[in-house]
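This report concerns only the one structure given below.
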Amino acid sequence: MPELLEEQRESWGTRGGFILAAVGSAVGLGNLWGFPYKLYTYGGGAFLIPYILALFIVGIPLLILEFSLGHFTQRAAPDAFRRGHKGFEVIGWWGIILGFVIITYYPVILAYCFSFLGYSIAGIFSGGNLPWAGQGIEGVEKARNFFFDNYLHYHEGLSLGSIQWDIVWMLVVSWLAMYLSIFKGVKLVGKIVWITVPVPWLMLLILAIRGLTLEGSSQGLAYYLQPVWSELAKPTTWRYAFGQVFFSLSLAFGVMITYASFLHRKSDINNNAAIIGLADFATSFVAGLAVFATLGAMAFATQQAGTPVPVENVAKEGPSLAFVAFPYALAQLPYSAWFSFVFFFALITLGIDSAFSITESVLASIVDKTGWRRAIVLPVISVVGLGFGFFYVTQGGLNWLGIVDGFINGTWGIAFLGLLECTTLGWLWRINTLRKHANSRSDWRLGWWWDYLIRIVIPILLGTLFFWQLFDDLAAESGFIKMPDGKWNLANLVGLGIVSIAPVIAIILTIVKGKGENEHQVEKDLPTDGTGEGIGVFASSVIAAGVFVALIFTDQMKSYILWVIFGMAILSTLGVLYSSYLVDKHGNSRNEASWFVRWAGLIFVLDVSAFLAIALNLLTKAVKTEKAEPVVREMMSGISMIVLTAALVLIVGGLGWCFYKAIAAAATEKTMEIQAPEED
Ligand code: PFF
């Protein structure tokens, strides 16, 4: 059936066009802005462990899953999910709505970048004068004041205050740039990304080489790469590592499904996904080198000038790294206005293709469902997105931006959506159909292990993180919902409101009838098999869930509780394996395993996650209460060299292997022959 749709559907001009567009979506503000400061904050080199695990075990396999789903169905996310069952459409819309929330604030950061680019250009023309430049610690204060007071007119707290019109105009510029990039369809996007992907890479390379060749840079690198192992015992570290991989690879919001839906039928899926995942990691890593080498050079320069500013003083800026710490550091070094220009130009070109990839995915989802014309839907999305952006260009806007972003990229947004995505496709639909599809189009093949990764390993990892973070949130001293002084925690309530309204809207959009044509996209239900056994395992999975609920209300400090938890985790794991066996036994091309079995597997996966999370919560309590050792990260030591080498080997080796495969396949024209999908 998808073959029929091929003729009507637009497609990327070339393989390179698609890869670059997907890389363009993945590589964005998250790489140059988010990755370096998260790595620094959550354990330096130690953060790379959860990050690399998340990339290889969750990120790249899920990228393959999303590509395969989009390519197989040739539809944007909601319709693609609908292919399996009418009800699954909800998951597609859920991601699209949260994606829409991202494009209400992501262009606001782009707007800041446009403004700072303007200041840098003015600086170049006025002999290198940058408005935030200053000396010593007072200089850092000046840079901070410039961004928060002069530019944002920022105020603490939750009230919005007045709209900042200077930023509004830049926001309009951002939206205009996004609109012009996609209004002609993906063919044009496939061309634009030939500029928006290589240009920021070049800029990053310039910044990195320059940073690394300045004196004092290794001091900064020590801050970046030296591991702080104790950070690994905190759920937040893991949550941020996994969240960063999801956000960075643009997973769970339907973008990659939509992009792959425009992919020509004769396209490699697995290798493309690996290239994109590794290229994204490489960009983040090099961005970190550029940022921290420059901060090290800044520390050295300020020391020489007799007004020392240690790396730590600016690196702790966290989220305002891009607009306070880094501009300040550049201002301490020669040719500051030129390099500020390079930095903000890199940010803009990085961010623009990520921003329009979300817009494209929202657009394609609406067009696929309603059959309305792009030329009408795109302006409406742009105006509505811009309108919501006004909330963030107020005096309290940045605060709200942080709150909304935290919820979307935190446990309640991305992790939960990822969990839903793989449990639905892994248990409720036939995951091996997607694997076979991916394999039939790829020059290296996924084994059966991939099915179990999607069905069991990834959901257990994401589920454990979800519950672990949930316990942590609910136990927060500041009060997650109600604060110690009895007042409601408004920020969290609004955040929760946004993430919980998404499924409601998603359900409504699913119920609303589309133009009707996509009805044939829903696969016919096959007769089900194995109901008898299914009822038994289903009941057991529900009982295990009941035990978990009971545990929550029990005094968990009793010594035997940990044994109960581990016992239940093991029993539930056996439940997962047995359900998985039953799903495979009863599901084939003629039959489908009973819904009882499939739901049992899904519930058992959640049970395992919940028990593991509760155990981790108890075990790490001790670590959390321990007073943290002061972190000394002064010069690069042997261990940071090891971290550096390991990351580089992984990136260069991985990319080298993927490109070798792609070139070898192209040479033998292996990708040109569409192999017949394997039979069940
Ligand atoms: N991957 C982009 C970044 O790292 O900045 C952001 C992003 C794009 C997130 C698209 C989500 C998305 F759907």
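Couple of notes before you dig in:
- Charge dipole of the chain about the Cα centre (unit charges at C-beta), most positive-ward option of Phe242, Gln332, Val255: Val255
- Full-stretch length increase - Asn150, Trp657 - with 0.36 nm per residue and alpha-carbon distance subtracted: 177.6 nm
- Per-peptide average of other Cβ atoms within 10 Å, ordering 336-347, 136-147 highest first: 336-347, 136-147
- Environment charge at Gly463 (Cβ cut-off 14 Å; Lys +1, Arg +1, Asp -1, Glu -1): 0
- Candidate lysines for bridging to Lys86, where Cα separation is under 18 Å - those fewer than 8 sequence places away on the same chain excluded: Lys369, Lys513, Lys515, Lys524
- Distance from region 535-595 to region 312-383 (C-alpha centre basis), Å: 44 Å
- Whole-Å distance, taken between Cα centres, linking region 35-89 and region 225-289: 7 Å
- Formal net charge of residues neighbouring Leu188 (Cβ-Cβ distance under 14 Å; K, R +1; D, E -1): +1
- Residue-averaged 222 nm ellipticity for the chain, from DSSP H runs of 4+ at -39500 (n - 2.57), nearest 500: -22000 deg cm²/dmol
- Sorted peptide list for 372-379, 37-44, criterion being average Cβ within 10 angstrom, highest first: 37-44, 372-379
- Three-way shape label, region 189-280, alpha-carbon gyration tensor, a/c 1.5: oblate
- Using the Cβ-Cβ distance between Arg590 and Trp448 with R0 set to 22 Å, the FRET efficiency from 1/(1 + (r/R0)^6) comes to roughly 0.60.
- For the chain, averaging the sequence separation of C-alpha pairs within contact (under 8 Å, six or more residues apart) and dividing by the residue count gives a relative contact order of 24 percent.
- Bridgeable lysines around Lys142 (alpha carbons under 17 Å apart, same-chain partners fewer than 8 residues away excluded): Lys316.
- Global form of region 249-303, assessed from the alpha-carbon gyration tensor, a/c cut-off 1.5: prolate
- Residues Gln303 and Ile505, FRET efficiency given R0 of 45 Å [Cβ-Cβ distance, rounded to 0.05]: 0.25
- Per-peptide average of other Cβ atoms within 10 Å, ordering 354-362, 261-269 highest first: 354-362, 261-269
- Extending 7 Å from the Cα toward the beta-carbon at both Glu477 and Trp338 defines two label points whose distance is 5.0 nm.
- Tensor-based shape of region 375-486 (alpha-carbon gyration tensor, a/c under 1.5 rounded, otherwise prolate or oblate): oblate
- The simple spin-label model puts a point 7 Å past each Cα toward its Cβ; for Leu619 and Lys487 those points are separated by 3.9 nm.
Any read-out appearing in this document is the output of simple, stated calculations on the displayed coordinates, not a laboratory observation. Since the structure is predicted, the reported quantities are computational estimates derived from the model, not experimental observations. Cβ coordinates were reconstructed from backbone atoms using ideal geometry, including for glycine residues, and neighbour counts include every protein chain displayed.
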